[in-house]
Amino acid sequence: MKRTWEEINRKIDTGDILVLTAEEMTELTENEGVKEACRKVDVVTTGTFSPMCSSALLINTGHHTPRLNYKRAWLNGVPAYAGIAAVDLYLGATAQRENSETPAVYGGGHVIEDLVSGRRIELKAEGHATDCYPGRNADTSFTLDDVKDAILQNPRNCYQNYNVAVNAYSKRTIYTYMGPLLPDMRNAAYSSAGQLSPLLNDPEYRTIGIGSRIFLGGGTGYVTFRGTQHNPDSERTSGGVPTSGAGTLALTGDLRYMSPEYLRGVCIKGYGVSLAVGVGMAIPILDEEMAFFTSVSDADIPAPIVDYSSDYPEMSGDILGRTSYRDLRSGEIEIMGKVVRTVSLSSYSKARKIAIELKNRIKNGSFKLTMPVAPLME
Amino acid sequence: MAFKSILLRFSRECVGEPVISNLVRKHGIEINILRARIHPSEEGRMLAQVNGSEDQISAALEYLSSSGVEIHLPESSFIWREKKCVHCGACAGICPSGAFTLCSETFEVEFDISKCILCELCIEVCYYSAIQSVEDYIETRGVKK
């Protein structure tokens, strides 16, 4: 049983198509087997919603009168990178507002959320003041409707798998990007949508590649390249699932069509600020292998338990043990004989919502699949 | 038996009266004081959980009122700002009293104010400012200081 991309897109046109979310696919394969699921199902949708620090906004504000070439610029007090063309700015999600506030409570991620919510943003800038761009200063404000372009450009999203963070050795609470970790391993923080996560349903990147159309922040986006730190060669289970980090994706999309429901500024106590991003991908069931990959369940996905008080900052590479997303989602895991409560940073209910939303878009014909123009890594 | 959270404000006039002792002795209710402080601008404030029969509690609240204590009964928006919540469940993973839980079916956060002991650990783990402190609550809801 095989399907082509063209066949699937033709079925989207006619509406005669079976699309399941990754959760539904897992259930179907458990009941009817991979072979039968492959025969029935055309597309499986995935979703994830979590802080993704490697996210940014490319913004072209439109020209000033007189013309001004940004030397330095701040959006709501958050510095944006101005070392590109005249009125292009690159705003990183983790850039913090420059003032006396400690700890940081507002940053690039919040500016992105404010913009997509339609709120007005203050722009302050200094210009290079050249003959063709004489402007020296700008002090103005704008909304998303006023700018020429606002393009989300995320260098590394959708980590295929991730660490489970604990504090094994420090006597005090440590403040990490995985949240506060209590001493004596009193909590364990994890961040993956597990069986709903895009790259865990296509673990060998057979259908997700450069040019894949995706659900991004509530709108439509594309995979532009492999993400930074993409490491496809990491260790795998017999089912092909990576046992740690592994693959990543670079994503882009037009902010204008996105929604604050799926793009949220976050403030991580004692660490900094970031952006939570909602991403969904549609996986074509081209053959039985793809049906098998999308049948993955939380029980099949291992995650490494890493100490963030010493091993992580010191790059020791040690892991304290392994667990699975089924156990993590139960609320408690056992680490070296100790029962530890789990804390999720990724919202499973939002991931589920995204997978359902994407399924509906495919069913109503508003989202078609694109075959990658090149694999993530050649 | 009923279990209620109450937020009390003690004006200058009732300072000096053993109000809480009277609640216990005369009205026979159990009281668990979660937080109490005296502040120059707001006078005395106390957050407590009371436990007793409906009749006992209403008599106790009446006694408090007649003693000049202002009473506020906080609802679930007390500390949880549901609109801002993305339902990651980080709060449920750290909440020591079972007030915040993550439903195993819907994977959505649920909040039971009667179990909240106001330790505010959840504020530390919430990335989305979906949990506010008692101070913020008082400010945003316009509860009299």
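The values are calculated or read from the model by the stated rules, or taken from the named source; none is laboratory data. Computed from a prediction, not measured in an experiment: that's the story for all the values here. All Cβ positions, even for glycine, are placed from backbone atoms using ideal geometry, and neighbour counts span all protein chains on display.
Of all residues in segment B:24-38, those satisfying the criterion of being more than 17 Å from the chain's Cα centre (by Cα) and either modelled with pLDDT under 85 or of a type outside the set (Lys, Arg) (or both) are B:Val24, B:His27, B:Gly28. Is at least one residue of segment B:23-40 assigned to a loop (DSSP other than H, G, I, E, B), touching a Lys or Arg at 6+ places or on another chain (Cβ under 6 Å) and surrounded by 13 or more Cβ atoms within 10 Å (Cβ to Cβ)? No: segment B:23-40 contains no residue that is assigned to a loop (DSSP other than H, G, I, E, B), touching a Lys or Arg at 6+ places or on another chain (Cβ under 6 Å) and surrounded by 13 or more Cβ atoms within 10 Å (Cβ to Cβ).
Going through (1) in contact (Cβ under 8 Å) with a residue 12 or more places away in the chain; (2) over 21 Å from A:Asp254 (Cα atoms); (3) over 26 Å from the mean Cα position of the chain (by Cα) one by one, A:Pro79 falls short only on (3). Taken over segment A:116-156, the criterion of being polar (S, T, N, Q) and assigned to a loop (DSSP other than H, G, I, E, B) is satisfied by A:Ser117, A:Thr130, A:Thr143. Please work out if A:Thr207 is closer than 18 Å to A:Glu378 by Cβ and either hydrophobic (A, V, I, L, M, F, W, C) or more than 14 Å from every other protein chain (Cβ to nearest Cβ) (or both). Spelling it out, A:Thr207 is indeed closer than 18 Å to A:Glu378 by Cβ and either hydrophobic (A, V, I, L, M, F, W, C) or more than 14 Å from every other protein chain (Cβ to nearest Cβ) (or both). You will find that of A:Glu24, A:Glu113, A:Glu98, A:Glu36, the residue that is touching a strand residue (DSSP E or B) at 6+ places or on another chain (Cβ under 9 Å), free of Cβ contacts under 8 Å to residues at least 24 places away in the same chain and acidic (Asp, Glu) is A:Glu24 and no other. Scanning segment A:103-153 for residues that are surrounded by fewer than 17 Cβ atoms within 10 Å (Cβ to Cβ), among the acidic types (Asp, Glu) and under 21 Å from A:Tyr262 (Cβ atoms) yields A:Asp145, A:Asp149.
Looking only at segment A:169-182, which residues are in a loop (DSSP other than H, G, I, E, B) and surrounded by fewer than 22 Cβ atoms within 10 Å (Cβ to Cβ)? Scanning segment A:169-182 gives A:Tyr169, A:Ser170, A:Lys171, A:Arg172, A:Thr173, A:Tyr177, A:Leu182. Can you confirm whether A:Leu144 is touching a Gly at 6+ places or on another chain (Cβ under 7 Å) and closer than 30 Å to A:Gly240 by Cα? It is false that A:Leu144 is touching a Gly at 6+ places or on another chain (Cβ under 7 Å) and closer than 30 Å to A:Gly240 by Cα.
Among the residues making up segment B:66-114, those that are in a loop (DSSP other than H, G, I, E, B) and away from chain A (no Cβ under 14 Å) are B:Ser67, B:Gly68, B:Leu73, B:Pro74, B:Glu75, B:Ile79, B:Ala99, B:Asp112. Taking the condition within 14 Å of chain B (Cβ to nearest Cβ), within 13 Å of the chain's Cα centre (by Cα) and either farther than 20 Å from A:Leu376 by Cβ or of a type outside the set (D, E, K, R) (or both), does A:Leu251 pass? Spelling it out, it is not the case that A:Leu251 is within 14 Å of chain B (Cβ to nearest Cβ), within 13 Å of the chain's Cα centre (by Cα) and either farther than 20 Å from A:Leu376 by Cβ or of a type outside the set (D, E, K, R) (or both). In segment A:250-289, how many residues are crowded, with 24+ Cβ neighbours inside 10 Å and over 19 Å from A:Asn157 (Cα atoms)? So the count comes out to 1.
Out of A:Thr224, A:Thr237, A:Thr243, which single residue is polar (S, T, N, Q) and in contact with a Pro (Cβ under 6 Å, 6 or more places away or on another chain)? Criteria check complete, one pass: A:Thr243. The number of residues in segment A:191-241 being over 15 Å from A:Arg156 (Cβ atoms), among the polar types (S, T, N, Q) and not in a loop (DSSP other than H, G, I, E, B) comes to 3.
Taking the condition touching an Asp or Glu at 6+ places or on another chain (Cβ under 7 Å) and of a type outside the set (A, V, I, L, M, F, W, C), does A:Pro79 pass? Yes, satisfied.
Under the condition of being without any contact (Cβ under 8 Å) to a residue 12 or more places away in the chain and more than 8 Å from chain B (Cβ to nearest Cβ), the residues counted in segment A:331-352 number 4.
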